[in-house]
Amino acid sequence: MKLTERVEQILSWYQHENEGTINNIKRLLMSGTLAGTGKLVILPVDQGFEHGPSKSFAMNQDAYDPEYHFKFALDAGCNAYAAPLGFIEHGAYKYADKIPLILKLNNSESIFSGEPGQIMTSSVEDAERLGCVAVGFSIYPGSNNAPKMYEELREITRKAKSKGLAVVVWSYPRGGSLKKEDETAVDVVAYAAHIAAQMGANIIKIKPPSDYISSEDSKKIFIDNAIPTQELSDRVSYCIQSSFNGKRIVIFSGGAAKNKEDIISEITGIAKGGGFGSIVGRNSFQRPYHEGKSLMKEIMTIYSNESTNILKS
């Protein structure tokens with residue numbers, strides 16, 4: 001498939017990378033229903049590890065089967081499928097040439113009650129062995145464990161790129177002195193996105209930012225510089241700007257399970273704000289197969305329409 005003007009523009013932001021990494025970013029952008037639009041919709045299924053199988057799959061029991069998710073991602077037209085080692089190993093031989101795979105290298109589990117952190121559960125070598133195009137890695141800016149996570153990410157990024165893999169960073173503020181509302185505060189989320197960009201992430205995953213601002217100092221900066229925060233699209237735009245003035249791919253978490261109307265409203269705001277896409281997990285695979293597939297197709301249509309508007313402007 002011939003590269004589109006938009007994909008060529010995005011790839012030009014990554015010319016510092018080696019040919020293998022650029023080719024894998026290209027494969028992500030040229031796969032699935034949104035191929036060539038510069039937008040990404042990815043299926044992540046790390047929830048079983050993070051929250052437990054009953055909280056993740058009991059509402060759609062077909063989803064206990066790892067192969068379900070490969071088939072779903074492919075059938076729904078996703079750009080890629082991301083998961084921890086066990087799920088990826090189960091279907092990589094059969095599906096790695098059919099849909100780009102992202103191996104999530106570190107994970108946490110909800111029955112641990114200490115300071116937020118993640119443990120390495122697989123390796124760059126595993127990703128290479130399984131034919132993945134990228135590795136995924138979580139960092140928790142603000143956590144007391146953040147320095148260790150940054151050091152791990154530095155080494156993971158160096159090793160992954162040396163093997164031609166792309167690097168996707170989940171950047172979720174939490175822990176330390178952060179309050180619960182700080183975790184999605186627009187200034188904090190934008191900061192987290194910027195940290196991921198500075199760490200060398202090719203693709204950055206953040207949560208949709210709320211209109212809360214974490215400190216009086218930040219509020220003054222936003223007011224003095226007339227930075228709008230009322231609409232989700234404004235807040236998304238600010239997070240994109242904070243990621244090298246939009247020259248890094250920033251995608252957004254699907255978040256907690258919610259009704260379809262709220263999902264579509266949120267995706268519309270993200271797309272309007274210039275978001276590069278979404279990584280939608282439980283809001284898709286916890287629904288019956290065809291209902292989840294239909295929702296993903298609707299999400300992709302929103303991003304495709306927004307991409308058309310960008311090219312016309």
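For each pair in K39/K207; K159/K207; K71/K148; K71/K159; K2/K104; K220/K258, compute the distance between the two Cα atoms and list the pairs where it is over 25 Å. Distance filter (> 25 Å) returns K159/K207; K71/K148; K71/K159; K2/K104; K220/K258.
Of all complete DSSP H helices in the chain, not one has a Cα span along the helix axis of 30 Å or greater and a mean Kyte-Doolittle hydropathy of 1.6 or more.
The solvent-accessible area of Y140, taken with every protein chain present and a 1.4 Å probe, is close to 10 Å². The heavy atoms of K55 offer some 140 square angstrom of accessible surface to a 1.4 angstrom probe.
The portion of the accessible surface of the chain made up by carbon and sulfur, rounded to a whole percent, is 51 (1.4 Å probe; DNA, RNA and ligands excluded).
Seen from V168, the other residues with C-beta closer than 14 Å to its C-beta sum to a net charge of +3, counting Lys and Arg as +1 and Asp and Glu as -1. For S110, the shell of other residues with beta-carbons less than 9 Å away shows a net charge of -1, using +1 for Lys and Arg and -1 for Asp and Glu. Computed per residue of the chain from DSSP H runs no shorter than four, each worth -39500 (n - 2.57), the mean residue ellipticity at 222 nm is -14000 deg cm²/dmol. Given a Förster distance of 41 angstrom, what is the FRET efficiency for Q241 paired with E155, based on the Cβ-Cβ distance and rounded to 0.05? It comes out at approximately 0.90. Over the chain, with a Gaussian network built from C-alpha contacts below 10 Å, which listed residue (P147, P116, P173) shows the highest mean-square fluctuation? Result for the chain, Cα springs under 10 Å: P147 fluctuates most.
The values are calculated or read from the model by the stated rules, or taken from the named source; none is laboratory data. Since the structure is predicted, the reported quantities are computational estimates derived from the model, not experimental observations. Neighbour counts are summed over all protein chains in view; Cβ atoms, including those assigned to glycine, are modelled from backbone coordinates with ideal geometry. Heads up: the accessible areas ignore ligands, DNA and RNA and are worked out on the full protein's heavy atoms, side chains in. Shrake-Rupley method; radii C 1.70, N 1.55, O 1.52, S 1.80 Å.
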